[in-house]
Structures are given as structure tokens and as C-alpha cells.
Amino acid sequence: MRSTPPLAPALPPSARRILVAGGSGSGKTTLARAIERHLGIPHTELDALHHGPGWSVAPDFEERVRALCAQAEWVCEWQYGAVRPLLAAHAEAVVWLDLPRRTVMRQVIIRTVDRRLHRRVLWNGNREPPLWTILRHRDHIIRWAWRTHGKSADRIAQLRRTRPDLPIVRLRSQREVAAWQATLGEPPPGGATW
């Protein structure tokens, strides 16, 4: 039986196509933006490519992801089953946010309530639905985050089998995330900001 390669302690310096993996509400976009800021690698928010008006799937979503993958450098979230294999095939490293369910649920609830109360416009004019919809909609983001929390580990296990060469950094707590970000160093002068 072939052994699984160990997880990476850090990003390889040469990695310029980086995926941030984790469940809904784990902080993928926040971390991707930090990588952009510190390493100067452009971040593309996958939700912005995916969501069309009225929460529809953008008709050219997969085409836009292919165009992203063709670029020399990028950082983005590793989500959406239709494009996960494509992103994984082009990635040079993965940072996996494997945070406890309680942490993720706290983050997703705070984010969802904040977006709803402040009526924040998200992608293509979309806004979070009324909070009461958590009671009626099975795929409400808070219920989705709870139900799908453990799926990232399965996806990472599969990824390690199909791309054993791909460095994967696993972060299991907010403390580990902060410590890992500190290893990225200072943002480059004139680099991207939040």
C-alpha cells in the first residue's frame, strides 16, 4: 500500500497558483485576500464568478474559471463541484482551513447576520435572504455550513490521492491561521490591500 505524502508546513516559495480550501464560513475569502496582500498574487473571488443575478449560476462560470486557471498566478477559493477538478489540476499549492465546527458556525452566523442587517450587496446585486428563511430553506447558508462541514476533509483526502505532488498546508485553528499568516511576511510595497 502506498503511503500518503505528509502535509506541507509552508507554501513553497515558487507557488503562484494557490487554492484556499475549507467549508462555508471557514474564512477562505479572508485568507485568500491576506495571501494577495502579503504575496502580491491577485485574488479572484470564486463567488463573484459563480453568482449571477437572483442567485442564478452565471452561464459562463466554467469558462471564466478556465480563463482564471490559464493565468500565470492567482489565489482563489476551492469550491463549486463543477470546477474543483479544474482548479486542482492547475494549482501549485493549497491552504486548507480545517477549523472546528463551532468556529466555522460562529463565523458564518456573524457574517450572515451582518450582511442581512446592513443589506450588503454581494455579487451581481444579490443580498442575503431574510433571516427567517433559515427555518424553511434547507440550503440556507447557515444550514448548509452545518451540514457540509466535514466534506472538506473528504475532498482533501481525494486531492492527496490524485495530486500527491501538490503541497497542502493544513490550519486547524484561528491561532494557527494567524501564525501562518505571520510567516508570509510584510506586504510588498504598493501591494494589494484589503
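The values are calculated or read from the model by the stated rules, or taken from the named source; none is laboratory data. What you are looking at is a predicted structure, and each value in this text was computed from that prediction instead of being measured. Glycine gets a Cβ as well: all are built from the backbone with ideal geometry, and neighbour counts include every protein chain shown. Please note that ligands, DNA and RNA were not included when accessible areas were found on the heavy atoms of the full protein model with its side chains. Shrake-Rupley method; radii C 1.70, N 1.55, O 1.52, S 1.80 Å.
Of note:
- Extended-chain gain in nm, criterion 0.36 nm per residue less alpha-carbon gap, LEU184 and ILE134: 14.2 nm
- Mean Cβ neighbour count within 10 Å, used as a protection proxy, ranking 170-177, 131-138, 120-127 highest first: 170-177, 120-127, 131-138
- The length gained on full extension between ASP154 and GLU45, counted as 0.36 nm times the residue separation minus their Cα-Cα distance, comes to 37.0 nm.
- Gaussian network model of the chain, Cα within-10 Å springs - most flexible of VAL95, VAL75, VAL108: VAL108
- Gained length - SER14 relative to ALA82, 0.36 nm times residue gap less alpha-carbon distance: 21.7 nm
- Amide H to amide H distances under 5 Å link ARG127 with LEU122, where only residues 5 or more positions off or on other chains count and H is placed in the peptide plane.
- Computed Kirkwood radius, in angstrom, where 1/r is averaged over Cα pairs of the stretch 122-161: 12.2 Å
- In a DSSP loop and with at most 13 other Cβ atoms within 10 Å, the GluC sites (Glu not before Pro) in the stretch 51-114 are GLU73.
- Accessible area of ILE141 (1.4 Å probe, protein heavy atoms only, ligands and nucleic acids ignored): about 50 Å².
- Distance in nm between pseudo-label sites at GLU73 and ASN126 (7 Å out along the Cβ direction from Cα): 3.0 nm
- 12 Å reach of a label modelled at ALA89, 7 Å along Cα-to-Cβ, counting backbone N of the stretch 137-168: none
- Area accessible to solvent at HIS118, 1.4 Å probe radius, in Å²: 110 Å²
- Across every direction, the projection of the convex hull enclosing the Cα atoms of the stretch 64-194 has a mean area of 10.2 nm².
- Per residue, the accessible area of the stretch 133-179 comes to 65 Å² when a 1.4 Å probe rolls over the protein heavy atoms.
- Order of exposure, largest accessible area first, which applies to LYS28, LYS151 with probe 1.4 Å: LYS151, LYS28
- Considering only beta bridges that DSSP places wholly inside the chain, some 5 percent are antiparallel.
- Amide hydrogen neighbours beyond the local backbone of TRP96, cut-off 5 Å, H modeled: ALA21, VAL169, ARG170, LEU171
- Computed over protein heavy atoms with a 1.4 Å probe, the carbon and sulfur contribution to the accessible area of the chain reaches 55%.
- Solvent-accessible surface ranking, highest first, for ASP139, ASP47 at 1.4 angstrom: ASP139, ASP47
- Taking amide hydrogens as placed 1.01 Å from N in the peptide plane, the amide H of ILE18 sits under 5 Å from those of TRP74, VAL75, CYS76, GLU92, each at least 5 positions away in sequence or on another chain.
- Projecting the Cα positions of VAL113, ILE35, LEU68 onto the charge dipole of the stretch 1-151 (unit charges on Cβ atoms of Lys, Arg, Asp and Glu, taken about the Cα centre) puts VAL113 furthest along the positive direction.
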